[in-house]
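*Asks:* Pasting a structure below so you can have a look.
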Amino acid sequence: MTYKFTRRMLCISTAILSVAGAFAAPVQAADTIKLGIVAPMSGPNARYGAFSMHGAELAVKDINAAGGVNGMQIELFNADSQGTPVEGVSAIRRLIDQDGVDFVIGDVSSSVTLAMQPVAEDAEVLLLNAASSNPKITYQAGVGGFKWTYRNYPTDENRALVITKYAAEQRGFTKFAVLSVDSDYGRSAITFTKKYLPDYKGEILSEDYYKEGEVDFRSVLAKIRDNGAQAIIMYGLADTTPIIARQMLELGMAGKVTLIGNGEFNTEKTIKAAPKAMEGAVEAAAWLPQYDSAASKAFVEKFTTTYSEAPNNHAYVHWDTVNLLSQAIKQAGSADKVAVRDALSRIKYESPVGEVTFDDHNQARLPMILLQIENGVPSIKGAYSADIQYPAN
């Protein structure tokens, strides 16, 4: 049987193909890598989002100027999470469905990242987290279930473990008291600390939590002073730390009991509040502008020149994560997302603070920077890492 095509039939066929094309998934040019950033571009955390975007932009600009990745240019898209899970889910869906990205970096907020994980999994799009610290993200990634989620950032558990290890091995502390903020953050940090203390022959002699807005800690501090604790484990609020330090000074604890944990111990304001009480305090950070490595210094200088302000942690981790992804694409030999995911699992990436590899939960094994207050000034003691002990799946 012979079919004869008329001009009318040809026009109808062309129209049908045009309509079908309008609803097809976005086509990615062979020479372009589409990368999405989900971050709070508006709302109370918009400043963090701005730093995140600037860090990513700087990395993309430098990579593209150097010829791209395997000859491909990176095209950067951003979507506003507003710092909420609902908006974060809408943001990642827009990036996937409308912009056609295969790779997403985000979010600053752990609750947003947790909400985005199943979306990335269903779409088989690589979600590379650069700035949120809830351990649950890692527990349910990799062998935990979500194969498409990776994280290039230390968790709250990483921080607690590294500080515990440093306090025991470098400072010789074995007897601790807890004075932490009464929140999910403060309590979970202590839960993780308790998990690892037995490995370092440490014990907790007393355990107390404070509410936001509390200003009188004298009775708790007096108890700690008298129970023989060498250090106070404190994961707390930045505004509360100076108050506690001044009251430690009043009670004669300065130079006898050391603060360890995380509560912005290293800021000028905190140290000035009670220098003697803050002396020797130990804190961990993912990164600091003062870190003494050539790559880190070069980043700080270039960021400051480009944006007329010094970078914060969010700027650095997004810049670093774009570079990490770039290396994974290079090693994969293409931008095929499955190949890139596999390359990321095997990668040995030299970051400005040390080598980064990933464990079977797709969590980066990366060093944290240890700070200790010495002679009234934060002193970087080096970059330390430790392996998380995961619960059985």
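The values are calculated or read from the model by the stated rules, or taken from the named source; none is laboratory data. Keep in mind that this is a model prediction, so the values were computed, not measured. Here the Cβ positions follow ideal geometry from the backbone for every residue, glycine too, while neighbour counts run over all protein chains shown. These accessible areas exclude ligands, DNA and RNA; they are computed on the full protein's heavy atoms, side chains included. Shrake-Rupley method; radii C 1.70, N 1.55, O 1.52, S 1.80 Å.
*Asks:* If you average 1/r over every pair of different alpha-carbon atoms in the range 223-311 and take one over that average, what Kirkwood value in Å do you get?
*Replies:* 14.6 Å
*Asks:* Can I ask one more? Over the chain, give the accessible area per residue in Å² for a 1.4 Å probe, as an integer.
*Replies:* 45 Å²
*Asks:* Let me ask something additional. Please tell me which of these pairs span more than 20 angstrom C-alpha to C-alpha: Lys165/Lys201; Lys223/Lys269; Lys175/Lys256; Lys272/Lys297; Lys165/Lys194?
*Replies:* Flagged as over cut-off: Lys223/Lys269; Lys272/Lys297.
*Asks:* Hey, another quick one. Taking the Cα centroid of the range 352-393 and of the range 45-93, what is the distance between the two, rounded to the nearest whole Å?
*Replies:* 25 Å
*Asks:* I've got another one for you. For the chain, calculate the relative contact order in percent as a whole number, restricting contacts to Cα pairs under 8 Å that are 6 or more residues apart.
*Replies:* Value for the chain: 16 percent.
*Asks:* While we're here: Give the longest segment of the chain that steers clear of GluC sites (Glu not before Pro) in DSSP loops with at most 13 neighbouring Cβ atoms within 10 Å, not counting the sites themselves.
*Replies:* Longest gap between qualifying sites, sites excluded: 1-123.
*Asks:* Using 1/(1 + (r/R0)^6) with R0 = 35 angstrom and r between the beta carbons of Thr191 and Thr267, what's the FRET efficiency to the nearest 0.05?
*Replies:* Taking R0 as 35 Å, the efficiency between Thr191 and Thr267 is 0.85.
*Asks:* Which percent of Cα pairs goes in each bin when the distances of the chain are cut into 20 angstrom slices starting at zero?
*Replies:* Over the chain, the share of Cα pairs per 20 Å bin runs 26, 50, 18, 4, 1, 0 percent.
*Asks:* What translational diffusion coefficient, to the nearest whole µm²/s, does the range 142-300 have by Stokes-Einstein, given a Kirkwood radius computed over alpha-carbon pairs, a temperature of 25 °C and 0.890 mPa s viscosity?
*Replies:* 148 µm²/s
*Asks:* OK, next. Considering the options Ile190, Val125, Tyr48, tell which one lies farthest towards the positive end of the dipole of the chain, charges being +1 on Lys and Arg and -1 on Asp and Glu at the Cβ, about the Cα centre.
*Replies:* Result: Val125.
*Asks:* Between Gln389 and Glu350, what length comes free when the chain is fully extended (0.36 nm per residue of separation minus the Cα-Cα distance, one decimal in nm)?
*Replies:* In short, 11.7 nm is gained.
*Asks:* Are there trypsin sites (Lys or Arg not before Pro) in the range 173-229 that DSSP puts in a loop and that have at most 16 other Cβ atoms within 10 Å, and which ones?
*Replies:* Lys201, Lys211
*Asks:* Give me the percent of the accessible area of the chain that comes from carbon and sulfur atoms, probe 1.4 Å, all protein chains in place.
*Replies:* Carbon and sulfur: 51 percent of the exposed surface of the chain.
*Asks:* Related question: Where does the charge balance sit around Pro378 when Lys and Arg score +1, Asp and Glu -1, over other residues with C-beta under 13 Å from its C-beta?
*Replies:* Taking every other residue near Pro378 into account, the sum is -3.
*Asks:* Just the ratio, please: alpha-carbon radius of gyration of the range 274-359 over 2.2 N^0.38 Å, N its number of residues.
*Replies:* Cα Rg divided by the expected 2.2 N^0.38 Å: 1.38.
*Asks:* Considering the dipole of the range 207-285 built from charges on the beta carbon (Lys and Arg +1, Asp and Glu -1) around the Cα centre, which of Ile271, Ile243, Gly255 is farthest to its positive end?
*Replies:* After comparing all options, I get Gly255.
*Asks:* Using unit Cβ charges (K, R positive; D, E negative) and no other charged atoms, how large, in debye to the nearest 20, is the dipole of the chain about its Cα centre?
*Replies:* With only Lys, Arg, Asp and Glu charged at Cβ, the dipole is about 380 debye.
*Asks:* Working from Cα positions, state the angle (0 to 90°, nearest 10) between the long axis of helix 218-227 and the longest principal axis of the chain.
*Replies:* Around 70 degrees separate the two axes.
*Asks:* With r as the distance between the Cβ atoms of Asp292 and Val377 and R0 = 25 Å, compute the FRET efficiency 1/(1 + (r/R0)^6) and round to 0.05.
*Replies:* Calculated value: 0.95.
*Asks:* Between Gly263, Gly55, Gly172, where does the largest GNM mean-square fluctuation fall for the chain, given springs only between Cα atoms within less than 10 Å?
*Replies:* In this elastic network of the chain, the residue with the biggest mean-square fluctuation among Gly263, Gly55, Gly172 is Gly172.
*Asks:* Now for a separate question. Of Ser111, Ser308, Ser180, which is the most mobile in a GNM of the chain whose springs link Cα atoms less than 10 angstrom apart?
*Replies:* Ser308
*Asks:* Once the Cα atoms of helix 337-346 and of the chain are each reduced to a long axis, what angle between those two axes, in degrees from 0 to 90 to the nearest 10, is obtained?
*Replies:* Once rounded, the angle reads 30 degrees.
*Asks:* In addition: Which length gain, in nm to one decimal place, applies between Lys175 and Glu212 when the Cα-Cα distance is subtracted from 0.36 nm times their residue separation?
*Replies:* Result for the pair: 10.7 nm of gain on full extension.
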